[in-house]
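Asks: Pasting in a structure now, in structure tokens, and then I'll have a few things to ask.
The values are calculated or read from the model by the stated rules, or taken from the named source; none is laboratory data. This one's a predicted model, so the numbers in the text were calculated from it and none came from an experiment. Every residue, glycine as well, gets a Cβ built from its backbone with ideal geometry; the counts of neighbours run over all protein chains shown. In case anyone asks, the SASA skips ligands and DNA or RNA and just uses the protein heavy atoms, side chains included. Shrake-Rupley method; radii C 1.70, N 1.55, O 1.52, S 1.80 Å.
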Amino acid sequence: MDGIVSKVDVQEGQIVAAGGPLVELAVENRFEVKLGIEPEEVTYLKVDQAVSLFAPDQGSPAATNGKLRLVTRRVNPDTRLVDVFVSLPPDAGLLLDQYVRGQLTIASENALLVPREAVIPDEGGYALYTIEHDRAVKHTVALGFQNAGMVSVRGHDLQQGQRVVVVGNYELQNGMAVTEAAKP
């Protein structure tokens, strides 16, 4: 079979037991990438999910697209991450033992992204204030994806490009006059 010698198990002059391996071959159309995933993120992964792979040492920002083939469901004691294996297309152009970074999309939604400070608790739900004609307008919102600084929100009367209040919003009431501060 065609392939690349990935490991030589013996040295010249060495005696090898019958049936013992001499070399390992990596079949080029069967290359895989092993990635480590945080254990709390494993529940979001699905076999055949698309994975974008980036090789930082190649200098090219172009991604190689692969498919998630296997999630091991076991924490690797060396890395404290869960190993997952990604199948590569035949023309991937990656090298054996090359370091890569993988990117997976766990979920996506159509929503507006606002600073976390803009959203406040309100009567068992959440609200945010926008500014229209120098007045505060209260919007009831549902929260979506969040990270340390931003949160996605959904509300029937929200529009892209609206200015949101991030300071002093706990003291506001619907219709109050507001003054917009200049950015530092």
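Matching residues to (1) of a type in the set (Lys, Arg); (2) under 25 Å from the mean Cα position of the chain (by Cα); (3) outside any strand (DSSP E or B); (4) within 28 Å of Leu53 (Cα to Cα):
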| site | (1), (2), (3), (4) |
| --- | --- |
| Asp78 | no, yes, yes, yes |
| Val86 | no, yes, no, yes |
| Leu95 | no, yes, yes, yes |
| Ala107 | no, yes, yes, yes |
| Pro121 | no, no, no, no |
| Leu128 | no, no, no, no |
| Thr140 | no, no, no, no |
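Asks: I'd like the full set of residues that are open to solvent by less than 60 Å² (accessible area, probe 1.4 Å), over 11 Å from Gly102 (Cα atoms), aliphatic (A, V, I, L, M) and out of contact with any helix residue (DSSP H, G or I) (no Cβ under 7 Å at 6 or more places or on another chain), limited to segment 39-78. Let's see the steps before the verdict.
Replies: Kept after step one, since they are open to solvent by less than 60 Å² (accessible area, probe 1.4 Å), are these residues of segment 39-78: 39, 42, 45, 49, 51-55, 60, 63-64, 66, 68, 71-72, 75-76.
When the remaining residues are screened for being over 11 Å from Gly102 (Cα atoms), the result is 39, 42, 45, 49, 60, 71-72, 75-76.
Checking the rest, the ones that are also aliphatic (A, V, I, L, M) come to 42, 45, 71, 75.
Result: Val42, Leu45.
Asks: Select from segment 155-183 the residues that are of a type in the set (Asp, Glu) and over 18 Å from Leu113 (Cβ atoms) and write down the one among them that is modelled with the lowest pLDDT.
Replies: Initially, segment 155-183 is screened for residues of a type in the set (Asp, Glu), giving 157, 171, 180.
Remaining after also requiring over 18 Å from Leu113 (Cβ atoms): 171, 180.
Values: Glu171: 91, Glu180: 83.
Only one residue fits best here, namely Glu180.
Asks: Then there is this: Answer yes or no: is there a residue in segment 13-28 that is closer than 29 Å to Ile106 by Cα, open to solvent by 70 Å² or more (accessible area, probe 1.4 Å), β-branched (Val, Ile, Thr) and part of a loop (DSSP other than H, G, I, E, B).
Replies: Checked against the condition, which is being closer than 29 Å to Ile106 by Cα, open to solvent by 70 Å² or more (accessible area, probe 1.4 Å), β-branched (Val, Ile, Thr) and part of a loop (DSSP other than H, G, I, E, B), segment 13-28 yields no hits at all.
Asks: Another question about this same structure. If I go through segment 164-175 residue by residue, how many of them are part of a loop (DSSP other than H, G, I, E, B), open to solvent by less than 100 Å² (accessible area, probe 1.4 Å) and either over 10 Å from Val137 (Cβ atoms) or polar (S, T, N, Q) (or both)?
Replies: Within segment 164-175, the first condition is being part of a loop (DSSP other than H, G, I, E, B), and the residues that meet it are 165-168, 172-175.
Narrowing the set further to residues that are open to solvent by less than 100 Å² (accessible area, probe 1.4 Å) leaves 165-166, 168, 172, 175.
Filter again for either over 10 Å from Val137 (Cβ atoms) or polar (S, T, N, Q) (or both), leaving 166, 168.
Number satisfying all stated conditions: 2.
Asks: Which of the residues that make up segment 1-12 are in a strand (DSSP E or B) and exposed (fewer than 12 other Cβ atoms within 10 Å of the Cβ)? Show your work before the answer.
Replies: Taking segment 1-12 as the starting set, the residues that turn out to be in a strand (DSSP E or B) are 4-8.
Those that are in a strand (DSSP E or B) and exposed (fewer than 12 other Cβ atoms within 10 Å of the Cβ): Val5, Lys7, Val8.
Asks: Could I ask something else about it? Which members of segment 29-38 meet the condition of being surrounded by 13 or more Cβ atoms within 10 Å (Cβ to Cβ) and at pLDDT 90 or above?
Replies: Hits for segment 29-38 are Val33, Lys34, Leu35, Gly36, Ile37.
Asks: Any chance you could count how many residues in segment 123-136 are in contact (Cβ under 8 Å) with a residue 12 or more places away in the chain and either open to solvent by 40 Å² or more (accessible area, probe 1.4 Å) or basic (Lys, Arg) (or both)? Outline the logic, then answer.
Replies: Here is the first cut: in segment 123-136, the ones in contact (Cβ under 8 Å) with a residue 12 or more places away in the chain are 125-132, 134-136.
Right, trim to either open to solvent by 40 Å² or more (accessible area, probe 1.4 Å) or basic (Lys, Arg) (or both) and you get 126, 132, 134-135.
The number of residues fulfilling the criteria is 4.
Asks: Do you know which residues across segment 88-112 are over 24 Å from Asn147 (Cα atoms) and surrounded by fewer than 17 Cβ atoms within 10 Å (Cβ to Cβ)?
Replies: Taking segment 88-112 and keeping what is over 24 Å from Asn147 (Cα atoms), we get 88-100.
The answer is Pro89, Pro90, Asp91, Gly93, Leu94, Leu95, Leu96, Asp97, Gln98, Tyr99.
Asks: Are there any pairs, at least 6 apart or on different chains, whose C-beta atoms fall under 9 Å, with the first in segment 142-158 and over 23 Å from Glu41 (Cβ atoms) and open to solvent by 60 Å² or more (accessible area, probe 1.4 Å) and the second part of a loop (DSSP other than H, G, I, E, B) and of a type in the set (A, V, I, L, M, F, W, C), and if so, which?
Replies: Once the first residue is over 23 Å from Glu41 (Cβ atoms) and open to solvent by 60 Å² or more (accessible area, probe 1.4 Å) and sits in segment 142-158, its partners that are part of a loop (DSSP other than H, G, I, E, B) and of a type in the set (A, V, I, L, M, F, W, C) give Arg154/Ala111.
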